[in-house]
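Take a look at the structure below.
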Amino acid sequence: VFDKEAVNGFPINVEMARWSEISVASYSDSGSVVLDLFPAKNPTRDQQKQRRSFTPDFVLVRSATQALHGQDWRNVLFGLMHAYFCLEKPVVYGKLLQVRNKLGKDKFPLINQTYYSAWRSMTFPPDFPTVMKIGTAHAGFGKMRITNQSDYEDFRSVIALQGRYVTSEPFIDWDYDIRIQKIGNNYRAFKRVSSNWKGSGMQQKDEDIKVEDRYKLWVDKASKAIGMDICALDGVHDKKSGKEFILELNDSAIGLVKRHAKEDIQNIKNLVLERMSSIFKS
């Protein structure tokens, strides 16, 4: 994407790698961070076939740090010393809650959420039905719909073996969900339907919709609170009340809709070049 590009007359040298191919060393005396990239299993460039070390001037993250099967590359991200990424959902929710408290529930309809640090803190159950999420769950994994006290106690007994925090939210009987995407000053909104109550990643179909003024307000306030130029805000539409609820904010690792991917990648490229130009002035 950045081939033959330059910032203030200086050519850009791009390195790409998976989290599993990166190790980081940070030195306080020099204030530098050194990345060590190991040979890629599936290289797309000759340089990826060999090990290389360097100090990055700019980092663009396009992949989540946690995934299924125990993958967890947060230590690499910690080494990069970035201030705000959607690393843990409760931290992000806390920032969104500050926005709601300032604007009010009507202007920023963030869903209510309860946080449990461990199974021992799950003494008082939420109102049913509820959605329980284990850790930083995404794409429909690590979450369950609980409808009664008995199921709640069963779920609590499983959490006792996990060593993870848990969050709960009211279950919304929705007919469609909404994603509001922001890449710099470029916005998109999608209406998504699914045959699965979890929605995201589960037999989902989407269509483009108008970026309403309220949608732009939501994502602008959320992105400013977290400090992100690339993000996507997810919400649901309650089919009974007709109300919309904000669920979460996703970071720069958001998946791009295939029909818009080429244009969105170009927007990401332009944003990165703009940020680099403002940081590395000639």
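The values are calculated or read from the model by the stated rules, or taken from the named source; none is laboratory data. What you see is a predicted model; the values in this text were computed from it and never measured. All Cβ positions, glycine included, derive from the backbone under ideal geometry; neighbour counts span all protein chains shown. Heads up: the accessible areas ignore ligands, DNA and RNA and are worked out on the full protein's heavy atoms, side chains in. Shrake-Rupley method; radii C 1.70, N 1.55, O 1.52, S 1.80 Å.
Could you work out how far apart the two model spin labels at GLU153 and VAL1 are, taking each label as a point 7 Å from the Cα in the direction of the beta carbon, and quote it in nm?
Rounded to a tenth, the inter-label distance reads 5.1 nm.
Say the dipole of the chain comes from +1 at the beta carbon of Lys and Arg and -1 at that of Asp and Glu; which of LEU103, VAL131, VAL158 then lies farthest toward its positive end?
LEU103
How long is the gain from ALA160 to LYS105 if the chain were fully straight, where each residue apart is worth 0.36 nm and the alpha carbon distance is subtracted? Don't jump to the answer; show the numbers that get you there.
Numbers: separation 55, 0.36 × 55 = 19.80 nm, distance 3.39 nm.
Contour length minus the Cα-Cα distance gives 16.4 nm.
Can you give the relative contact order of the chain as a percent, counting alpha carbon pairs under 8 Å and 6+ residues apart? Kindly include the intermediate steps, with their values, before the conclusion.
Details: 435 pairs, mean separation 48.1, N = 282.
Result for the chain is 17 percent.
Roughly how many whole Å is it from the C-alpha centroid of segment 264-282 to that of segment 180-229?
23
Find the relative contact order for segment 179-282 and round it to a whole percent, using C-alpha pairs within less than 8 Å whose residues are 6+ positions apart. Each step should come with its number before you reach the end.
On the way: 133 pairs, mean separation 24.8, N = 104.
Rounded, it is 24 percent for segment 179-282.
Helix-only mean residue ellipticity at 222 nm, the chain, DSSP H runs n ≥ 4 weighted -39,500 (n - 2.57), per residue, nearest 500. What is it?
Working: 5 runs with 66 residues, N = 282.
Calculated mean residue ellipticity at 222 nm is -7500 deg cm²/dmol.
State which entries of LYS95/LYS182; LYS89/LYS198; LYS182/LYS239; LYS210/LYS243; LYS182/LYS258; LYS107/LYS210 exceed 21 angstrom in Cα-Cα distance in the structure shown. The partial results should precede the final answer.
Values: LYS95/LYS182 18 Å; LYS89/LYS198 17 Å; LYS182/LYS239 26 Å; LYS210/LYS243 17 Å; LYS182/LYS258 16 Å; LYS107/LYS210 18 Å.
Listed pairs above 21 Å: LYS182/LYS239.
State the percentage of accessible surface on the chain attributable to carbon and sulfur atoms; use a 1.4 Å probe and exclude ligands, DNA and RNA.
On the way: 8240 of 16320 Å².
Carbon and sulfur together cover 50 percent of it.
Treating only the Cβ of Lys, Arg, Asp and Glu as charged (+1, +1, -1, -1), what charge dipole size does the chain show about its Cα centre? Round to the nearest 20 debye.
200
If packing is taken as the mean number of other Cβ atoms within 10 Å per residue, what is the order of 189-195, 46-52, highest first?
On the way: 189-195: 16.1, 46-52: 12.0.
Highest mean packing first, the order is 189-195, 46-52.
Note the angle between two axes, namely the Cα long axis of helix 89-103 and the longest principal axis of the Cα atoms of the chain, as a number of degrees from 0 to 90, rounded to the nearest 10.
The two axes meet at around 70 degrees.
Does anyone have the angle between helix 149-159 and the longest principal axis of the chain? Alpha-carbon axes, 0 to 90°, nearest 10?
30
For an R0 of 22 angstrom, estimate the FRET efficiency from the Cβ-Cβ distance between LYS191 and GLU88 and round to the nearest 0.05. Intermediate results must be reported in sequence, preceding the final value.
Details: r = 28 Å, r/R0 = 1.29.
In this case the efficiency is close to 0.20.
As an exercise, use a Förster radius of 35 Å and the Cβ-Cβ distance of ALA118 and PHE10 to find the FRET efficiency, rounded to the nearest 0.05.
On the way: r = 50 Å, r/R0 = 1.43.
The pair ALA118/PHE10 has a calculated efficiency of 0.10.
Mind giving me the nanometre distance, one decimal, between the label points for ARG259 and PHE141, set 7 Å out from Cα along Cα→Cβ?
2.9
Express the accessible area of the chain per residue in Å², computed with a 1.4 Å probe while the remaining protein chains stay in the model.
Working: 16320 Å² over 282 residues.
Dividing the accessible area of the chain by its residue count gives 58 Å².
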